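Accompanying notes for the structure given below.
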Amino acid sequence: MSVDNFLAQFRASGVETCFHDRHINPQIYAGINGQNWSLKDYEARGGYQALRKILGIGGGEPMTQDQVIATVKESGLRGRGGAGFPTGLKWSFMPRQFPGQKYLVCNSDEGEPGTCKDREILQHNPHIVIEGMAIAAYAMGISVGYNYIHGEIFQTYERFEAALEEARAAGYLGEHILGSSFSFQLHAAHGFGAYICGEETALLESLEGKKGQPRFKPPFPASFGLYGKPTTINNTETFAAVPWIIRNGGQAYLECGKPNNGGTKIFSISGDVERPGNYEIPMGTPFAKLLELAGGVKGGRQLKAVIPGGSSAPVLPAHIMMDCTMDYDSIAKAGSMLGSGAVIVMDETRCMVKSLQRLSYFYQHESCGQCTPCREGTGWLWRMVDRIENGQGRESDLALLDNVAENIMGRTICALGDAAAMPVRGMLKHFRHEFEHHITHKTCMVPAYV
Amino acid sequence: MSSEATRHSTPLSAQTLARFAREVAKYPADQKQSAVMACLSIVQQEQGWVSPDSEREIADYLGMAPMAVHEVTTFYNMYNQQPLGKFKINVCTNLPCQLRNGQHALMHLAHKLGINVGETTADGAITLQPGECMGACADAPVLLVNDRTMCSFMSDDKLDQLVDGLRAAAKE
C-alpha cells in the first residue's frame with residue numbers, strides 16, 4: 001500500500017463539519033455532499049447560470065458592468081474575510097477605465113485561528129468561487145486573476161486546480177468566455193505557512209514571490225496592487241456569495257439577512273461544543289440558535305466565554321454573547337467583532353490566562369518583524385502572559401500588559417499588531433479577576449483544565 | 001547536524017523543471033519570481049528539504065538573486081531548512097485545537113515516538129513538530145504529514161495507527 005493510500009483513511013470527509021442538515025437556508029453549502037464538486041454537478045445545481053446571465057447567453061440582454069456592481073451593492077454583501085467592507089463599494093473603487101493590466105485576487109489564505117469555512121467551500125464547491133470571480137472580473141473589466149490558497153490545505157489547492165482545468169475546458173475561463181467578448185484567465189497559487197499573508201498587501205507581496213511583509217497604505221491595492229497594477233482582493237466566501245446574488249437579485253439576498261447585513265454567512269464553530277463544524281445561516285441569527293445547531297456546550301457544561309470572530313476578536317463573556325445576534329452590527333455593539341465568523345467556544349472549565357497564553361504565543365510567532373511595536377510588543381505580551389500562567393506574574397504586569405497593548409494598537413503598518421493587542425484587552429476587560437488570581441495565588445482559579 | 005554527504009542535494013531533474021515551467025506559466029513573462037513559492041515546495045516534496053544548492057538552482061531558473069530565494073525559504077514556516085525525518089508531522093496546537101486535545105495529541109506522539117517535540121526518531125523515520133493554525137479548526141486534533149496531507153480527528157488510537165503505518169512505510 002502506498003503512503004498516500006495509507007494516509008487517505010485519516011482525511012476529513014466533511015460529513016461531520018459540512019454535510020449536515022443543520023444549515024439554515026444555505027446558499028454556498030446548499031446541496032453539496034463531498035462527491036459532487038465537479039463541473040457537471042455544479043451545473044446541475046444551477047452553476048454558471050449567473051455568468052451566463054450577465055453575458056446575455058441563452059436569452060436576455062447582457063448586464064452592464066454598472067448593473068452588476070449595483071446589484072452587489074444592493075445585496076448588502078460585506079467582505080467575509082474579516083473586515084466586513086461593503087463588496088459592491090470596493091468593486092466600484094476599481095478604476096475600470098485604466099488602460100493597463102488589472103488584477104483580481106481571491107484571498108483563500110485562511111489561517112485566522114478558528115476559521116475553517118473557505119477550505120470547505122474550495123474543497124467541496126470550488127466552481128462557485130470560480131464563477132464568482134469571473135463575474136467580479138467582468139464587472140471590473142479585469143482579465144487576469146489569482147486565487148491564493150493557504151499552504152496547509154494543499155489537497156484543497158489541488159482540488160481547486162482540478163476545477164480550474166474543468167472550467168477552462170468548458171469555456172467558462174479563458175479567451176472569449178462562452179463565445180462572448182469577455183476574457184478572463186484564472187490561476188491558483190499557494191502559501192507555505194505564514195499567517196501574515198492573509199493580510200491583503202502581504203498576500204500580494206507573497207504572490208510576487210517575496211517575503212509576506214505588508215505594504216504601507218495608501219496607496220491601496222485598487223490603485224497599486226499586484227505588480228503595481230490596480231487590484232481588487234476579496235475573500236473566498238465573498239466571491240462564493242456572488243452567483244446567488246446575480247441569479248436572485250440584490251434585494252433577495254439582503255432579505256435573507258438583516259438591514260446592512262445581507263445574506264447568509266458561514267460560521268466556523270470550534271472548541272467546547274458537541275458538534276464543531278461550519279454552519280451557514282442567515283445574518284442576524286441569534287447566537288443561542290447557532291450554539292444549539294452545534295449541539296450546545298460539550299458535555300452539558302456551562303458556557304463561559306466566546307471569541308466570536310476569530311482569535312483576533314476580543315473575547316465576550318457568556319451573558320453578553322447569549323444576547324447577541326450573529327451579524328456585524330450586533331457583535332460590534334457588544335464590543336467585539338464578527339471578523340471571519342470563527343466562533344471559538346469555551347466552557348466553564350477553561351482558564352482564560354492559559355487561553356490567552358496560547359493566542360499570544362501565536363501572534364509573536366507570526367509577527368513579520370517589520371514594525372517595531374508589533375515585533376517587540378507581541379513578544380512582550382506573550383512573555384508576560386506566559387509568566388502569569390506559570391505562576392511568576394508580577395503585581396505590575398496587568399498595567400504593563402495594558403500599556404504594551406496600547407502602544408501596539410494603531411502604530412503598525414498592518415492589523416496584526418492590533419489583532420495581537422485586542423485579545424489581551426478583551427481578556428483583561430472581562431476576566432481580569434482570573435489574571436489577578438494567577439498573580440496573587442500563583443495558581444489557577446479554574447478547577448480543571450482538561 | 002547532518003554530515004556534508006547527506007546535506008548534498010541532487011541537481012534538479014528534467015521532470016522537476018517541467019513542474020517549475022507549469023508554475024511559471026501562470027504569471028506574466030517578466031514576473032517569473034512569482035513562482036518561487038511553488039518551486040521551493042516542489043523541491044521540498046522531491047528532496048525532503050530546501051538545500052542551498054536548490055535555492056541557487058531555483059534562483060538561476062527564475063532569474064532571482066539567491067538571497068531573494070533564501071529570504072522566502074526562511075520567512076515561511078513550512079520550508080525545511082535542513083534534512084528531516086522521512087515523514088514530518090506537524091500537529092496544530094493553536095487555541096481552537098488546544099481546546100480539543102491538540103496539545104495532548106502532540107504529547108501523545110512524542111511519547112509514542114520516544115522523542116521530544118522538534119526531534120527526529122533515531123531511525124530517521126519521523127520528525128515531530130508543532131504547527132500553527134492550519135485552517136481546519138473543526139477537525140481538531142489535526143495534523144499535517146509532509147506538508148501536503150492533512151489528517152483530521154486524530155484520536156490517540158488513530159495517532160498510534162498513523163505512527164505504525166509511517167514507520168512501516170519508512171522501512172520500505
Does A:GLY31 satisfy the criteria of being in contact with a Lys or Arg (Cβ under 7 Å, 6 or more places away or on another chain) and either modelled with pLDDT under 95 or assigned to a loop (DSSP other than H, G, I, E, B) (or both)?
yes
Restricting attention to segment A:426-450, which residues are at pLDDT below 95 and basic (Lys, Arg)?
A:LYS442
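Go over the candidates A:LEU400, A:LEU428 one by one and state the one that is in contact with a Leu (Cβ under 7 Å, 6 or more places away or on another chain), outside any strand (DSSP E or B) and away from chain B (no Cβ under 13 Å).
Numbers: A:LEU400 fails: in contact with a Leu (Cβ under 7 Å, 6 or more places away or on another chain).
After applying the criteria, what remains is A:LEU428.
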Verdict on A:ARG96 being modelled with pLDDT under 95 and out of contact with any Pro (no Cβ under 8 Å at 6 or more places or on another chain)
yes
Scan segment A:135-154 and give yes if some residue there is away from every other protein chain (no Cβ under 14 Å), within 19 Å of A:ALA222 (Cβ to Cβ), at pLDDT below 95 and part of a loop (DSSP other than H, G, I, E, B), otherwise no.
no
Picked from segment A:230-252 (must be outside any helix (DSSP H, G or I) and β-branched (Val, Ile, Thr)), the residue farthest from A:GLN49 (Cα to Cα) is A:THR231
Which one of these does A:VAL306 not meet: (1) within 11 Å of chain B (Cβ to nearest Cβ); (2) among the β-branched types (Val, Ile, Thr); (3) outside any loop (DSSP other than H, G, I, E, B)?
(1)
Looking at A:PRO276, A:PRO259, A:PRO243, A:PRO218 in this structure, which one is crowded, with 24+ Cβ neighbours inside 10 Å and out of contact with any strand residue (DSSP E or B) (no Cβ under 6 Å at 6 or more places or on another chain)?
A:PRO243
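Which residue, of A:GLY379, A:GLY335, is surrounded by fewer than 23 Cβ atoms within 10 Å (Cβ to Cβ) and on the phi > 0 side of the Ramachandran plot? Full working, then the answer.
Details: A:GLY379 fails: on the phi > 0 side of the Ramachandran plot.
The conditions single out A:GLY335.
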Among the residues of segment A:280-327, write down those that are touching a Ser or Thr at 6+ places or on another chain (Cβ under 8 Å) and of a type in the set (Ser, Thr, Tyr).
A:THR285, A:THR325
Please verify whether B:ASP157 is more than 7 Å from chain A (Cβ to nearest Cβ), charged (D, E, K, R) and touching a residue at least 24 places away in the same chain (Cβ under 8 Å), treating the condition exactly as stated.
no
What pairs come up if the first residue lies in segment A:345-366 and is more than 7 Å from chain B (Cβ to nearest Cβ) and crowded, with 24+ Cβ neighbours inside 10 Å, the second is of a type in the set (S, T, N, Q) and in a strand (DSSP E or B), and their beta carbons are under 6 Å apart, counting only those six or more places apart or on different chains?
none
Name the residues in segment A:155-183 that are away from chain B (no Cβ under 14 Å) and either assigned to a loop (DSSP other than H, G, I, E, B) or farther than 24 Å from A:ASN36 by Cβ (or both), would you?
A:ALA170, A:GLY171, A:TYR172, A:GLU175, A:HIS176, A:GLY179, A:SER180, A:SER181, A:PHE182, A:SER183
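Quickly run through segment A:200-229 and pick out the residues that are within 14 Å of chain B (Cβ to nearest Cβ), in a loop (DSSP other than H, G, I, E, B), closer than 20 Å to B:GLU71 by Cβ and not small (Gly, Ala, Ser). Give the steps one after another, and end with the answer.
The initial filter retains those residues of segment A:200-229 that are within 14 Å of chain B (Cβ to nearest Cβ), namely A:202-214, A:225-229.
Narrowing the set further to residues that are in a loop (DSSP other than H, G, I, E, B) leaves A:208-214, A:225, A:229.
Adding the requirement that they be closer than 20 Å to B:GLU71 by Cβ leaves A:208-214.
Answer for segment A:200-229, where residues must be within 14 Å of chain B (Cβ to nearest Cβ), in a loop (DSSP other than H, G, I, E, B), closer than 20 Å to B:GLU71 by Cβ and not small (Gly, Ala, Ser): A:GLU208, A:LYS210, A:LYS211, A:GLN213, A:PRO214.
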Scan segment A:253-289 for residues that are in a loop (DSSP other than H, G, I, E, B) and either within 12 Å of chain B (Cβ to nearest Cβ) or in contact (Cβ under 8 Å) with a residue 60 or more places away in the chain (or both) and jot them down.
A:GLY257, A:PRO259, A:ASN260, A:GLY262, A:GLY263, A:ASP272, A:GLU274, A:ARG275, A:PRO276
Flag if A:GLN392 is part of a loop (DSSP other than H, G, I, E, B), surrounded by fewer than 16 Cβ atoms within 10 Å (Cβ to Cβ) and more than 22 Å from the chain's Cα centre (by Cα)
yes
Unique match (being in contact (Cβ under 8 Å) with a residue 12 or more places away in the chain, under 14 Å from the mean Cα position of the chain (by Cα) and more than 15 Å from A:ARG80 (Cβ to Cβ)) among A:ILE142, A:ILE149:
A:ILE149
Matching option when the condition is over 26 Å from B:GLU71 (Cβ atoms), at pLDDT 95 or above and among the charged types (D, E, K, R), among A:GLU366, A:GLU406, A:GLU376, A:GLU395:
A:GLU406
Would you please name the residue that is farthest from A:GLU237 (Cα to Cα), looking only at residues in segment A:53-91 that are surrounded by fewer than 21 Cβ atoms within 10 Å (Cβ to Cβ) and of a type in the set (Lys, Arg)?
A:LYS53
Which of the following residues is at pLDDT 95 or above, within 17 Å of the chain's Cα centre (by Cα) and assigned to a loop (DSSP other than H, G, I, E, B): B:MET64, B:MET134?
B:MET134
Has segment A:118-126 got at least one residue that is closer than 19 Å to A:GLU165 by Cα and more than 14 Å from every other protein chain (Cβ to nearest Cβ)?
yes
Considering only segment B:73-103, state which residues are facing chain A (nearest Cβ under 9 Å) and part of a helix (DSSP H, G or I).
B:THR74, B:PHE75, B:LEU95, B:PRO96, B:CYS97, B:GLN98, B:GLN103
Collect the residues in segment B:121-137 that are in contact (Cβ under 8 Å) with a residue 24 or more places away in the chain, surrounded by 24 or more Cβ atoms within 10 Å (Cβ to Cβ) and within 9 Å of chain A (Cβ to nearest Cβ), keeping them in residue-number order.
B:CYS133, B:MET134, B:ALA136, B:CYS137
Can you name the number of the only condition in (1) away from chain A (no Cβ under 12 Å); (2) crowded, with 22+ Cβ neighbours inside 10 Å; (3) in contact with a strand residue (DSSP E or B) (Cβ under 8 Å, 6 or more places away or on another chain) that B:SER34 fails?
(1)
Restricted to segment A:1-28 and to residues being more than 8 Å from chain B (Cβ to nearest Cβ) and assigned to a helix (DSSP H, G or I), the residue surrounded by the most Cβ atoms within 10 Å (Cβ to Cβ) is A:ALA8
Evaluate the following for A:LEU226: is it surrounded by 16 or more Cβ atoms within 10 Å (Cβ to Cβ), of a type outside the set (Gly, Ala, Ser), touching a strand residue (DSSP E or B) at 6+ places or on another chain (Cβ under 6 Å) and within 30 Å of A:GLY46 (Cβ to Cβ)?
no
When you scan segment A:104-117, how many residues do you find that are at the interface with chain B (Cβ under 7 Å from one of its Cβ atoms) and in contact with a His (Cβ under 8 Å, 6 or more places away or on another chain)?
2
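The values are calculated or read from the model by the stated rules, or taken from the named source; none is laboratory data. A quick note: this is a predicted structure, and the numbers were derived from the prediction, not measured. Using ideal geometry, Cβ is built from the backbone for each residue, glycine included, and neighbour counts are taken over all protein chains shown.
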